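A short write-up of the structure that comes next.
We did not get these values from a lab; they are worked out from the coordinates using the rules stated. Every value quoted in this text rests on a predicted model; they were computed, and no experiment measured them. Here the Cβ is made from the backbone with ideal geometry for all residues, glycine too, and neighbour counts use every protein chain on show.
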């Protein structure tokens, strides 16, 4: 399997889906619940879902996936190493095609402020692309999430990945990115 860089013609829909059309349900936590509400036609603020595949691509490109799979020491104390990995990988930038997909999504939303939501994380009042990228990284690198990934790898499973929702914040409207 090549990375996104090697497959530049990869479909955008694999990595970014509009809220209500992302195909997620209750099994995907908060993002899935909001996706179901939007799919049912209930009033939910517009948003773009960064998919499980986007998260997996970030893990591969950042080197996190390889680090989780290569090191036995992670399994000794999952909590401690989750904290260490969270700190170490938060400085990894989201670049290239992944960055472009985030920027395009923000432009499409046309909101002056967004919130980034995932299981266990919510960052609101985000007004810039760097703030959004940092919040997305934070959602994927939360110590609790990393601990789940370490435990999965220790069992011989693939590390889980989860969607992140970038959603128009309703406190203030208008404006463009």
Computed FRET efficiency, Cβ-Cβ of residue 26 and residue 73, R0 35 Å: what is it to the nearest 0.05?
0.50
The stretch 12-168: relative contact order in percent, alpha carbon pairs under 8 Å with at least 6 residues between:
31 percent
Per 5 Å bin, what is the whole-percent P(r) computed from every C-alpha pair distance within the chain?
1, 9, 17, 21, 20, 16, 10, 5, 2, 0
How much length is gained if the chain between residue 100 and residue 39 is pulled fully straight, taking 0.36 nm per residue apart and subtracting their Cα-Cα distance, in nm to one decimal?
19.4 nm
Output the 0 to 90 degree angle, nearest 10, between the alpha-carbon long axis of helix 52-62 and the longest principal axis computed from the alpha carbons of the chain.
50 degrees
Pull out the extension gain between residue 112 and residue 170, defined as 0.36 nm times the separation in residues minus the alpha carbon to alpha carbon distance; nm, one decimal.
19.9 nm
Taking Cα atoms only, helix 143-154 is inclined relative to the longest principal axis of the chain by an angle, in degrees rounded to 10, of 50 degrees
Relative to the longest principal axis of the C-alpha atoms of the chain, give the angle of the C-alpha long axis of helix 29-39, reported between 0 and 90° and rounded to the nearest 10°.
30 degrees
